[in-house]
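What follows is a set of notes on a single structure, which appears directly below.
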Amino acid sequence: MQFTPPQKTFVAWSLIAALLVCALWLLAPVLTPFVVAAVLAYALTPMVDWLDNLGRGRVPRLLAVVVVELLFMVVVSAMLLLMVPIVAKELPLLREQLPQMLDGLNTSLKPWLAQWGIRISLDMTSVKTFVVSHLSGNVEDVMGSVLKSLKLGSSVAFSIVGNAILIPVALFYLLMDWNRFVDQLRKLIPPRMRASVDTFLNEADSVLGQYLRGQLLVMLILAVFYSVGLGLFGLDLALPIGIFTGMAVFVPYLGFGIGLVLATLAGLLEFSAESGLGYTVAMVAVVFGSGQIVEGFFLTPRLVGERIGLHPLAVIFALLAFGQLFGFVGVLIALPVSAVLLVAVRRIRSGYLSSRLYQG
């Protein structure tokens, strides 16, 4: 069977794409910090270039990179510091109220389980002694006890610390040489194909820019939504929990899950003496249930999916598929990669509709 030149080109690029996918799948744990740094470099390079242009060549690119990366690290640190007032307020309440909550849980749980023929015997005195002893110290002692009880392996700890160091370092070098890297990759493209590849990359860049702007809008709207929603229920920590949850939704599922746990714990500790468990369940169900509906069915499809041309079902499928294939890294890159693939599919479809094969 003889292949025409266009068919040979298509087969060659298909093989290259398959090899890249296999490499990503096999090297996903190693590539995680570099993929994260590359995504961040793509998003932050326009700001570095803007500072470069603002200085009209008098500001070294090194200074622009340092300023942008420091600003980014300050924003990330501010998000993490939102946990400080949550821990500082909830830890004393947890130490005071948890024994009573355990007694109430034991009193209500045992009769309910007995109706189903399940009989358990819990030594609540030992449980309360264990919990109170682990919460009697300061935050550092509690974190140390938690890490020890979880038996956090040295390899996991090394991976976390290593990524925390490697991502900023990789981001720095990528920001310094991003334009040079792009030029070097462009030189690998055959001259006769550069025009079409350039138009493809420009279109993909436009789509990705729309994705990032849409995602930022989603994060800001959800931060306000969760803060106001929890505040209306009278939760003292509504602002830090709401802002953290809204900003953390950039990582699908994980941000929502952490915010849900924090709001549930804060509600149980704050309202248990006055309104009981029902009020906390109602607060979490209303605020986070409606928030998930608004995000999943309106905000993400409208502000992110429609901006990049992805159908809402395609957005959901992309998140699940990339998460299954590449884990946490896959969830991070799902929508950006899908946006680029969408541009490629549009071009293939356009070429097919104008080909002799379609027109007969």
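What are the pairs, 6+ residues apart or on separate chains, where a residue within segment 229-243 that is touching a residue at least 40 places away in the same chain (Cβ under 8 Å) and open to solvent by less than 10 Å² (accessible area, probe 1.4 Å) has its Cβ under 6 Å from a residue that is part of a helix (DSSP H, G or I) and not hydrophobic (A, V, I, L, M, F, W, C)?
Short answer, once both residue conditions are applied: 230/242.
Give just the number: which of (1) open to solvent by less than 100 Å² (accessible area, probe 1.4 Å); (2) modelled with pLDDT under 80 does residue 58 not satisfy?
Looking at each condition in turn, residue 58 falls short on (1).
Within the set of pairs 6+ apart or on separate chains, which have a first residue in segment 158-169 that is surrounded by 11 or more Cβ atoms within 10 Å (Cβ to Cβ), a second that is small (Gly, Ala, Ser) and modelled with pLDDT of 75 or more, and C-beta atoms under 7 Å apart?
167/37
The values are calculated or read from the model by the stated rules, or taken from the named source; none is laboratory data. Note that the structure is predicted; figures quoted are calculated from it, not measured. Here Cβ is always computed from backbone atoms with ideal geometry, including for glycine, and neighbour counts include all displayed protein chains. Surface areas here come from the heavy atoms of the whole protein model, side chains and all, with no ligands, DNA or RNA. Shrake-Rupley method; radii C 1.70, N 1.55, O 1.52, S 1.80 Å.
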